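Take a look at the structure set out below.
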Amino acid sequence: MKKKFTLTLLLLFIQFTFCFSQEVIGLWEIKKVEVGDKIVTPISKWTKINADGTYQSGNGWVQNSEGEWRYDENGKIFSPKETNGIRDMFGDFSVYFKQGKMFWQRDENGENVTVTLSRIQKMPKSTADMMVGLWDVTEITEDETSIMKSFDPNNKHYLFIRWDRVYVERTPDGEKASGYWHINGNNPEITLISHGNGKEQERWIVSVSETEMYLIGLSESNKNRKVTYTRINEFPK
């Protein structure tokens, strides 16, 4: 009888704790990160807080963190613990909810940090996710003047951005070239690192939709240049 009573109490405690934790359980996108008076929101950052006391986090479709969590309902404290990465040195978050959003707050090196999270139904696409694919150049301008006819007179150039962080392009001369591409975690900025000797790295600001991509040059070699691409689904002849 005593064992049955103890088991019942344990089940009630688990159920009670789960009900309070329901507030934090789910898939969340980090909409804003404020550090002091600065906004340092990462691109397409999400966290998935599971009912079994585990969580996963990532950017876009890439998971880069996992761990365990606890939630103190009385103190409104959320405690994540990384199990497959660098330990978080700043500790727990104070939590509050407002207008369907969750807010995390804590002190980091004397600065107040506030993280704003919104519930989502599926993982957000990052700029990197949307860039992957085959792109045909449709316009190139320099100092806001079109140079398309002189740069690519025979319509040879295309850019293939692969999921494995390698890009392949056909140059205006009809030659194949390749390299690595890297995207900044906090800004829509990509760097193209050529496999060929002697070619400098190129940095671009990128803006991308489902059908179009725009690159604006940031390096000395491409400054004041803007390239417009359209997504295609087969390699041009």
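The values are calculated or read from the model by the stated rules, or taken from the named source; none is laboratory data. On a predicted model such as this, the values are computed, not experimentally measured, just so you know. Because the Cβ atoms are built from the backbone with ideal geometry, glycine has one as well, and the counts that use them run over all protein chains shown.
Side notes on the structure shown:
- Condition broken by Trp163, with the remaining ones in (1) without any contact (Cβ under 8 Å) to a residue 60 or more places away in the chain; (2) assigned to a loop (DSSP other than H, G, I, E, B); (3) farther than 30 Å from Tyr55 by Cβ satisfied: (3)
- Condition met for Asp143 (in the same structural domain as Arg162 (by TED's automatic domain parsing) and surrounded by fewer than 14 Cβ atoms within 10 Å (Cβ to Cβ)): yes
- Out of Gly110, Gly85, Gly100, one residue alone is within 18 Å of the chain's Cα centre (by Cα), among the small types (Gly, Ala, Ser) and closer than 30 Å to Gly58 by Cα. It is Gly85.
- Residue identified as buried (at least 16 other Cβ atoms within 10 Å of the Cβ), of a type outside the set (Val, Ile, Thr), over 30 Å from Ile190 (Cβ atoms) and in contact with a Ser or Thr (Cβ under 9 Å, 6 or more places away or on another chain) among Trp69, Trp46, Trp28: Trp69
- Test: residue in region 136-148 that is modelled with pLDDT of 95 or more and either under 19 Å from the mean Cα position of the chain (by Cα) or basic (Lys, Arg) (or both): no
- In region 173-219, the residue that is farthest from Asp136 (Cα to Cα) out of those that are among the polar types (S, T, N, Q) and part of a loop (DSSP other than H, G, I, E, B) is Asn186.
- Counted residues, region 49-66 - those being buried (at least 17 other Cβ atoms within 10 Å of the Cβ) and within 14 Å of Glu23 (Cβ to Cβ): 1
- Selection within region 101-128 - in a strand (DSSP E or B) and touching a residue at least 40 places away in the same chain (Cβ under 8 Å): Lys101, Met102, Glu108, Glu111, Asn112, Val113, Thr114, Val115, Thr116, Leu117, Ser118, Arg119
- Against the test of being touching a helix residue (DSSP H, G or I) at 6+ places or on another chain (Cβ under 8 Å) and not hydrophobic (A, V, I, L, M, F, W, C), the options Glu139, Glu111 yield a single qualifying residue, Glu139.
- Residues satisfying the stated conditions in region 185-199, i.e. of a type outside the set (Val, Ile, Thr) and surrounded by 12 or more Cβ atoms within 10 Å (Cβ to Cβ): Gly185, Asn186, Asn187, Pro188, Glu189, Leu192, Ser194, His195, Lys199
- Test: residue in region 83-99 that is in contact (Cβ under 8 Å) with a residue 24 or more places away in the chain, assigned to a strand (DSSP E or B) and closer than 30 Å to Val168 by Cα: no
- Residues of region 150-184 satisfying the condition of being closer than 21 Å to Lys223 by Cβ and loosely packed, with under 12 Cβ neighbours inside 10 Å: Ser150
- Matching residues in region 129-153 - criterion: being in a strand (DSSP E or B) and of a type in the set (A, V, I, L, M, F, W, C): Leu134, Trp135, Val137, Ile140
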